[in-house]
Amino acid sequence: MSKQTDYTPEEWKLIATAPLLAGTVATLSDMGGPVGLVKEAFAVAKAASAAAQSTSNELIRSVVESMKAREGKPEMPQGAKTAAEARAALIGLCRQALDTVARKSPTDAAEYGRWMVALAKTATEAAKEGGFLGIGGTLVSPAETAAVSELASALGVTDAAGLTPSDPGPGATT
């Protein structure tokens with residue numbers, strides 16, 4: 001299992017911010033307004049924190065500690081002109097983070113990837129899309145489902161449909 005000291009500062013910043021970027025992938029797929037954005041961001045942060053308490057994976061624990069300490073602010077991709085371009089760039093950054101983990105700790109990579117997809121799925125379930133003032137709408141839109149599937153595919157996570165917001169990935173202990 002790897003930990004923060006196994007990575008360069010640049011690598012760690014990417015690894016530590018990628019889970020938040022994964023949540024943003026889902027958010028960008030179907031913008032639900034400012035209240036929805038806050039709900040989705042809060043849900044991702046809460047699910048990440050819960051994962052740190054329930055997993056035996058040292059990498060995920062270290063990532064969550066970095067997130068709590070705000071050691072790396074996620075940087076939105078530059079040059080994206082549309083939400084689809086931004087989403088593709090974010091997925092690319094998540095893939096780059098996963099590849100970095102896989103090079104140094106292949107045993108951590110699968111769990112880290114599943115965790116990012118689970119966080120993205122958490123974002124989709126945090127706020128209704130559509131409707132007006134909380135009336136009507138749908139909990140998870142088709143665009144959000146497609147975004148999570150696209151992220152899962154890019155990260156090689158084949159069982160994304162079965163992930164639940166409280167599922168931090170394989171190897172977790174309850």
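Read-outs throughout are calculated quantities, based only on the coordinates presented, and are distinct from any laboratory measurement. Because the structure is predicted, anything quoted here is derived from the model rather than measured. Cβ sites come from the backbone with ideal geometry, for glycine too, and all protein chains shown count toward neighbours.
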How many nm separate the modelled label positions at residue 88 and residue 56, each set 7 Å beyond the Cα in the direction of the Cβ? 4.2
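Estimate the FRET efficiency between residue 149 and residue 99 by the formula 1/(1 + (r/R0)^6), using the beta-carbon distance for r and 25 Å for R0, to the nearest 0.05. Display every interim value, and only then the final one.
Working: r = 20 Å, r/R0 = 0.79.
It comes to 0.80.
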Using the 10 angstrom Cβ neighbour count as an exposure proxy, how do 7, 112 rank, fewest first? 7, 112
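Which of the peptides 13-21, 98-106 is most tightly packed, and how do the rest follow, going by the mean number of other Cβ atoms within 10 Å of each residue?
Values: 13-21: 24.0, 98-106: 16.8.
In decreasing order of mean packing, 13-21, 98-106 become 13-21, 98-106.
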